[in-house]
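Reading through the structure tokens given below for one structure.
Laboratory data are not the source of any read-out in this text; all were calculated from the coordinates shown. Note that the structure is a prediction, hence the values are computed from the model and not measured. FYI the Cβ positions are ideal-geometry reconstructions off the backbone, even for glycines, and counts take in every protein chain you see.
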Amino acid sequence: MKEIIYVDHSATTYVKKEVLDKMLPYFTVKYGNASSIYSKGIESKEAIDKARNQVSEALGCCECEIYFTAGGSESDNLALLGIARANKAKGNHIITTKIEHLGILETCKRLEKEGFEVTYLDVDNTGLVDIEDVERAIKSTTILISVMFANNEIGTIQPIEAIGRIARCRGVYFHTDAVQAIGNVHIDTRKMHIDALSLSAHKFYGPKGVGALYIRNGINFDSIITGGHQEQNKRAGTENVPGIVGLGAAIELANNNIDCYNEKLYRLREYCIEQIMKNIPGVILNGHRTKRLPGNINISIKGIQVGTLLLMLNDVGICASSGSACTSGNTNPSHVLVALGMNSDISYCSLRITLGEENTCEDIDYIICNLYRIVHKLRRV
Ligand SMILES: *Cc1c(COP(=O)(O)O)cnc(C)c1O
């Protein structure tokens, strides 16, 4: 038995050995500034160029459409603030959903303070956006639609291609936060009519603190970090070369393994859901039954305080998470679960298990066994 069973891969993942090995020389030996003209600088610039190519290959776009950032949150901020501010003359209306990551929702609130109008679309009780709602929400002043590819709490995967088609037809830019989707879903920015896309390396076995934003050629956007001329003048600051190298290596690996990885996680997920439903009464599976990330399981367990449950799982070496803020003693319900229309006590807290590469069938058995024991115990008191 492993010491720790980690099933919180949507929160973050470890860095794969192959990825780390590629990164290491850029900390100690190949440390040149990519803006310098001597060979040590060129060496770093070439490493960044290679990573940019690896990202563009994975997304089916041009290298010149990739901007490296410090992660998913910054990419979300840059996409929304950047596109909205630069296109204000065309209109001030933005469409998003109620279940976005805070990187999007908080940025939308900022834009509202700057005079933008934001429509927050409802989702159905499985977390799906209705494409007719998207269509209906578009008006003459709409400049941008931002709908996440896959939800980080409940794993629901949105009809991205259909939304992209509507946006393109209506002449509205379409951004998607694909932080959870990379490595799990095949993404083709051209075919899906995606104009902008956020990603973050630490969600697919790359390092933390590095991400990228794809923005289609020809779309105007303002930078939010100003200073030097890095990243085509759009993101100032000396590049995080080791991080960028790691991101490039990780996305290439993830993309090459996507089918295999998917199948493995899918089988484990289905086994886990089946075992939970069979053994633990009073459980509801949150999110869509099939249109969901292969490794995502999100359940509400009747009569159970998830904060206590998570601590007891931790006592037996299981790292899982709550779909909401309950863990920190915060009683605010998850904005995602509330948007699903579940406002009874049972759904205020949920248990999120997100599987990854190193998980096995035995891990699931161990989790179920302990979950059964703990739930039984908690229900008795
Ligand atoms: C993790 C995550 C982010 C934030 O990415 P960071 O790199 O941690 O800033 C944004 N959106 C989604 C959907 C995420 O899961």
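Condition check ((1) within 14 Å of the ligand (Cβ to nearest atom); (2) aromatic (Phe, Trp, Tyr); (3) not in a helix (DSSP H, G or I)) across all residues:
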{"site": "GLY171", "(1), (2), (3)": "no, no, yes"}
{"site": "ILE182", "(1), (2), (3)": "yes, no, yes"}
{"site": "ASP222", "(1), (2), (3)": "no, no, yes"}
{"site": "LYS264", "(1), (2), (3)": "no, no, no"}
Please verify whether the range 125-145 includes one or more residues that are closer than 22 Å to PRO333 by Cβ, more than 16 Å from the ligand (Cβ to nearest atom) and of a type in the set (Val, Ile, Thr). yes
Scanning the range 184-194 for residues that are buried (at least 17 other Cβ atoms within 10 Å of the Cβ) and under 17 Å from the mean Cα position of the chain (by Cα), which turns out nearest to the ligand (Cβ to nearest atom)? ASN184
Cβ contacts < 7 Å: first residue in a helix (DSSP H, G or I), restricted to the range 148-165; second residue within 11 Å of the ligand (Cβ to nearest atom) and not hydroxyl-bearing (Ser, Thr, Tyr), any location; separation 6+ or different chain. Result? ILE160/PHE149
Of the conditions (1) among the acidic types (Asp, Glu); (2) under 18 Å from ASP76 (Cβ atoms); (3) in contact with a helix residue (DSSP H, G or I) (Cβ under 8 Å, 6 or more places away or on another chain); (4) assigned to a helix (DSSP H, G or I), the single one that GLU135 does not satisfy is (2)
Tally up the residues in the range 160-179 that are under 20 Å from the mean Cα position of the chain (by Cα) and of a type in the set (Gly, Ala, Ser), please. 3
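Consider ILE143 carefully, then state whether it is over 15 Å from LYS291 (Cβ atoms) and not polar (S, T, N, Q).
Numbers: over 15 Å from LYS291 (Cβ atoms): yes; not polar (S, T, N, Q): yes.
Against the criterion (over 15 Å from LYS291 (Cβ atoms) and not polar (S, T, N, Q)), ILE143 qualifies.
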Return yes when GLU74 is in contact (Cβ under 8 Å) with a residue 24 or more places away in the chain and assigned to a helix (DSSP H, G or I) and no when it is not. yes
Picking from LYS30, LYS88, which residue would you name as being away from the ligand (no atom under 16 Å from the Cβ), within 23 Å of GLY218 (Cα to Cα) and outside any helix (DSSP H, G or I)? LYS88
Among what's in the range 74-92 and is within 14 Å of GLU112 (Cα to Cα) and surrounded by fewer than 17 Cβ atoms within 10 Å (Cβ to Cβ), pick the residue that is nearest to the chain's Cα centre (by Cα). ARG85
